[in-house]
Structure formats: structure tokens, C-alpha cells
């Protein structure tokens, strides 16, 4: 047990912090670092969306964005009273099937040049979309 074990996971605040960091690093041409944080933006945003639908703040122990996206899509399809159509018109579409699904936390150990500028920008854009959906849900009272 670490000294941080008793802290509550705050996916929304973490997503915002990582988005700001990813943006700063992208502008500094630090592509690997920007892409790495962009992955956490998507992960945290999707985890919070899942929590909002389930009305449960229990931690989600998963880093695979593709699996998290699939879980979110399944929840959207099963939860008739919760309509995300305002935020996610076609959840089965490209919104959750982007290249950021290739993100993995182990990228932090890869050699320089693993992530190029194009990929970093694409992942940042996709992560921004995920975070913006979460923001819109929050503004509308899903919390």
C-alpha cells in the first residue's frame, strides 16, 4: 500500500490536467510525451463517462482505451433511460474507434521516435473530443 492508496480517483480533473499537459508538450514538439498524456485524457474521460452512466464513482481498473470504449458503447446501448445522442450521435462510429485505441501506458518505455508528429496531433485531437463530450455532460448536470 502506498501513501496515495487512500486517495479517490478523480478522472475528470485528471483528464483536464493531462489535456493541458498534452497541449503544452505538443506545442513544444515533444510528440511522445504529448501522445502519452493524450492517451490518459481519453482513458480518464471515458472512465468518467462510464461512471456517470452507472451513477457509481468506483474506480475502474483498466487502461485499454479500446476495451473502455466498448464498455461505454455497450452501456449506452443497454441503458435506455440514458440518452447520449446529444453528445455522441453515433457511438458505434469513428468517435471511439480512432487511432488512439492503439495507445498503451507502456509507451513511456519506448525509444525516441516511436510516436511521430502526425500521430501525436491525431491522438491529441481525439482525446480533446472525448474530454469535450465529458465537459458537455458535466455542464448538463451529469455528475
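The values are calculated or read from the model by the stated rules, or taken from the named source; none is laboratory data. Since we're looking at a predicted model, the values are computed, not measured. Note that we place each Cβ from the backbone using ideal geometry, even for glycine, and neighbour counts take in every protein chain shown.
Given the structure, is residue 89 out of contact with any helix residue (DSSP H, G or I) (no Cβ under 7 Å at 6 or more places or on another chain) and at pLDDT 75 or above? No: the conditions fail for residue 89.
Candidates are the residues of the stretch 1-53 that are in a helix (DSSP H, G or I) and surrounded by fewer than 16 Cβ atoms within 10 Å (Cβ to Cβ); the one that is modelled with the lowest pLDDT is 13. Checking each residue in the stretch 94-133 for being crowded, with 16+ Cβ neighbours inside 10 Å, modelled with pLDDT under 90 and within 13 Å of residue 40 (Cβ to Cβ) picks out 100, 103. Of all the criteria given as (1) at pLDDT below 90; (2) in a helix (DSSP H, G or I); (3) over 14 Å from residue 124 (Cα atoms), the one not satisfied by residue 80 is (2).
Yes/no per residue for (1) in contact (Cβ under 8 Å) with a residue 60 or more places away in the chain; (2) out of contact with any helix residue (DSSP H, G or I) (no Cβ under 6 Å at 6 or more places or on another chain):
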| position | (1), (2) |
| --- | --- |
| 13 | no, yes |
| 20 | no, yes |
| 24 | no, yes |
| 30 | no, yes |
| 41 | yes, no |
| 45 | yes, no |
| 51 | no, yes |
| 54 | no, yes |
| 57 | no, no |
